[in-house]
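Report on one structure; see the data block that follows.
The values are calculated or read from the model by the stated rules, or taken from the named source; none is laboratory data. Fair warning: this is a prediction, and the values are worked out from it, not measured in the lab. Backbone-built Cβ (ideal geometry, glycine too); neighbour counts: all protein chains shown. Accessible surface is based on the protein model in full, side chains and every heavy atom, while ligands, DNA and RNA are left aside. Shrake-Rupley method; radii C 1.70, N 1.55, O 1.52, S 1.80 Å.
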Amino acid sequence: MKNFPGTPGTLTGLVLRISQCVFAVGSIASMATTHTFFNFTAFCYLIASMGLQVIWSFVLAVLDAYSLVSKKVLHNPVLVSLFVVGDWVTATLSLAAASASAGITVLYFSDLGDCNAGEECQKYQISVALAYLSWFVVISGQRIVESYANHVDCESIPWC
């Protein structure tokens, strides 16, 4: 089976996972440094979702790094299926959290004009933008792994 760039165990896959992790950490850091984020449920959900994204991306980045260092192939059909499902779940949660937070940001700070502290509003906007970037990288990587999974031999996967 041919190695697609971005599949598990490739340098491109490692870069994608590190990018996901960095954007998610940036989103959390930007949101958590504000004083009133905990007053908004959507912002708390964003932090929880990005926290899950950090854990998932970090674990897969470690697997990719291990695969590159040890020259082992991570193209086991069951493992690839796990990556596809995990990326799908984290991408869905990330998009929902980023969209909810963007809606709250626009409603409270643009439509209602309730943004007296300019720096805090900018941090909310930066956090939402980084969450969307994290989602975009996740969905890009997920589509690559999914396209690879479509070319994997399905005989060893019971649900395939």
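For Ile18, indicate whether it is closer than 26 Å to Ala98 by Cα, open to solvent by 50 Å² or more (accessible area, probe 1.4 Å) and either in contact with a Cys (Cβ under 7 Å, 6 or more places away or on another chain) or part of a helix (DSSP H, G or I) (or both).
yes
Could you list, ordered by first residue, the pairs with Cβ atoms under 9 Å in which the first is in the stretch 46-70 and in a helix (DSSP H, G or I) and the second is among the basic types (Lys, Arg) and open to solvent by 40 Å² or more (accessible area, probe 1.4 Å), at least 6 apart or interchain?
Tyr66/Lys72
State all residues of the stretch 66-110 that are small (Gly, Ala, Ser) and touching a Gly at 6+ places or on another chain (Cβ under 7 Å); if no residue qualifies, say none.
Ser67
Consider Thr36 against the criteria (1) farther than 30 Å from Glu120 by Cα; (2) open to solvent by 20 Å² or more (accessible area, probe 1.4 Å); (3) modelled with pLDDT under 85: it satisfies all of them except one. Which criterion is unmet?
So Thr36 meets the others, but not (1).
Considering only the stretch 121-160, how many residues are at pLDDT 80 or above and of a type in the set (D, E, K, R)?
The number of residues fulfilling the criteria is 1.
Residues Val85, Val106, Val80: which one is over 21 Å from Ile28 (Cβ atoms), in a helix (DSSP H, G or I) and open to solvent by 70 Å² or more (accessible area, probe 1.4 Å)?
From the options Val85, Val106, Val80, the qualifying one is Val85.
Residue check: is Met50 open to solvent by less than 20 Å² (accessible area, probe 1.4 Å), over 15 Å from Ile144 (Cα atoms) and under 11 Å from the mean Cα position of the chain (by Cα)?
yes
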